[in-house]
There are 2 protein chains.
Amino acid sequence: MRAAIREKHDGGFADRRTVRLWLRLLSCATVVEKRLKRRFGDHFGSTLPRFDVLAQLERAPEGMTMSALSAALLVSNGNVTGVVQVLARDGLVTLAPSPTDGRVAIVRLTEAGRRQFERQAEAHHRWVDAMLADLTPGEMEQLYALLGRVKQSIAADRSEEQP
Amino acid sequence: MRAAIREKHDGGFADRRTVRLWLRLLSCATVVEKRLKRRFGDHFGSTLPRFDVLAQLERAPEGMTMSALSAALLVSNGNVTGVVQVLARDGLVTLAPSPTDGRVAIVRLTEAGRRQFERQAEAHHRWVDAMLADLTPGEMEQLYALLGRVKQSIAADRSEEQP
């Protein structure tokens, strides 16, 4: 969707260094994510949000409440609820009332869910490896460090307060 | 949404260098895009997709067909149609039948649309600048070049054909 702006700024405004950088970063992320999304669909009949929920639950053997899951995933409760319902229908997670508060549901990975997560994590790793295969270990390290600088810079940005 | 996987791989699998790198790249893109999205809403009552359509049209004074617009933006025709309808309602674009084929509509930026695009592009530039403000010019250049390597590597990936 951002192709128009990329073109524009890559071409017309050579001085807009930050915008060019941002649009290249966005374009890389978009292409990789789109490709992963398609492959999750083709190979597993699944989606990245479902994979993310499985990944989160895999780290919580005791299970998680829907709201803890939602907070961990940074998406709205509504979205997580829908994703969890599909996973439950497919037998990959179970929902049980919390022993301390019967109104709260605890989501847990089933054994089938764990196996499915492992298959998907392995494929995810392999696909990402293949997409980044041309980078040398040194380039990867450099890029990782520079993206760390971007994270810091974003966190320090206070322009929100000055419209 | 990918927070779970990031945590997991950042922690548990130090050897999964490519996955850690990918998830950090995705996380940077997601945070910046989310922030830009919120600001477009707060400051302009608008969206990034609408901004993208304006940006595309700003480069095509002669106007564009809906399908050319859709192709340029890499989104489905359906989405672009909805975005264009909102922009037309707001007086930022016009739709007129093509002189060569009356069944095809040509979308053009209005003068108000051009002014609105310029205001938004200026703000977009300012916000991106602020988010990347901590990076030195050298770091930005390095990052831009490394992301260029990522683009090349993604383009060379043929793992699609070997499931």
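Just so it is clear, none of the values below were taken in a lab; they were calculated from the coordinates. As the structure is a computational prediction, the values presented were derived from the model and not from experiment. Cβ sites come from the backbone with ideal geometry, for glycine too, and all protein chains shown count toward neighbours.
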Open item on the list: Using each residue's phi in the range B:31-36, evaluate 6.51 cos²θ - 1.76 cosθ + 1.60 at θ = phi - 60° and report the 3J(HN,Hα) Karplus result to the nearest Hz, with x for Gly and Pro.
Closed with: 5, 5, 5, 4, 5, 4
Open item on the list: Run the simple label-point estimate for residue B:101 and residue A:134 please: 7 Å along Cα→C-beta, distance reported in nm.
Closed with: 3.5
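Counting Lys and Arg as +1 and Asp and Glu as -1, each charge on the Cβ, what is the dipole of the range B:33-163 about the Cα centre in debye, to the nearest 20?
The dipole magnitude comes to about 380 debye.
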Task: Interchain or long-range residues, amide H under 5 Å from residue B:106's placed H - done: B:96, B:98
Open item on the list: Looking for one value pair here: nearest-to-axis residue in chain A (by Cβ) for the rotation onto B, and the distance in whole angstrom.
Closed with: A:29, 2
- [ ] Once the label point is placed 7 Å from Cα along Cβ, list for residue B:62 the distances to the corresponding points in the other copies, in nm, shortest first.
- [x] 6.7
Task: Cβ-Cβ FRET estimate between residue A:144 and residue A:65, R0 fixed at 22 Å, reported to 0.05 - done: 0.10
- [ ] For n ≥ 4 DSSP H runs only, could you compute -39500 (n - 2.57) per run for chain A, divide by its residues and tell me the 222 nm figure to the nearest 500?
- [x] -22500 deg cm²/dmol
Open item on the list: Using a label point 7 Å beyond Cα on the Cα-Cβ vector, give me the inter-copy distances for residue A:136 in nanometres, one decimal, shortest first.
Closed with: 2.1
Open item on the list: With the cut-off at 1.5 for a/c, could you classify the range A:12-69 from its C-alpha gyration tensor as rounded, prolate or oblate?
Closed with: oblate
Task: Subset of A:34/B:34; A:151/B:37; A:34/A:151; B:34/B:151 violating a 20 Å alpha-carbon distance limit - done: A:34/A:151; B:34/B:151
Task: Nearest-20 debye value, the protein assembly as shown charge dipole, Cβ charges on Lys, Arg, Asp, Glu - done: 360
Task: Distances in nm from residue B:112 to the matching label points in the other copies, shortest first (labels 7 Å along Cα to Cβ) - done: 5.6
Task: Whole-Hz ³J(HN,Hα) from phi, Karplus 6.51 cos²θ - 1.76 cosθ + 1.60, for the range B:140-148, glycine and proline x - done: 5, 5, 4, 5, 4, 5, 5, 5, x
